[in-house]
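Here is the structure we will look at, set down as structure tokens.
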């Protein structure tokens, strides 16, 4: 058999294979339908369970008054003297009680930082943060303890829902950074030993307020 005949046989096999389409092994992965199991419980409960599994500390507040009480109690109990927050609306309810502890400068030496978030992903227990927030890029990762205040209206089920929410909010002017924070910072790069708090906060609190 010469080279041209061998080449023709190969081309015939290719043409024959192309004439019969091969079904996708995972057809749902090519569409918009989620490959994950549908939500079986309320999103707030799902988020709390997933967030807690990853060493996040979850606090549910029925209203702003309870938020003020829980937040003030935590800060005083932990004896945090420098609480960094530039998002005034988040701490308006506790400003009078913590006036001597709240700071807007010297992030490098603060005990804890407080931020909001773009949304919460229930399926993975993830906080979606962006550079467009008043707190900017560094506040949520620079302090040793991060407190995020969010509202039940910010809950979405999946990551794609969170990205769509951000896209709908900002349109063509997307933030320069969108980050997904799931519990405290952790790494197992060194000898496969899990270490918490290497590249970010050692502790993360999520105060979820009913809205």
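The values are calculated or read from the model by the stated rules, or taken from the named source; none is laboratory data. Only a predicted model underlies this, so the values are computations on that prediction, with no experimental measurement involved. A quick note on method: Cβ atoms are made from the backbone with ideal geometry, for glycine too, and the neighbour counts reach across all protein chains shown.
Here are the numbers for the structure shown:
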| read-out | value |
| --- | --- |
| Selected residue (only one of 22, 32, 5 is within 26 Å of residue 124 (Cα to Cα), modelled with pLDDT under 90 and either out of contact with any helix residue (DSSP H, G or I) (no Cβ under 8 Å at 6 or more places or on another chain) or not in a loop (DSSP other than H, G, I, E, B) (or both)) | 32 |
| Exclusive hit being touching a strand residue (DSSP E or B) at 6+ places or on another chain (Cβ under 9 Å) and over 18 Å from residue 141 (Cβ atoms), set 91, 103, 112 | 91 |
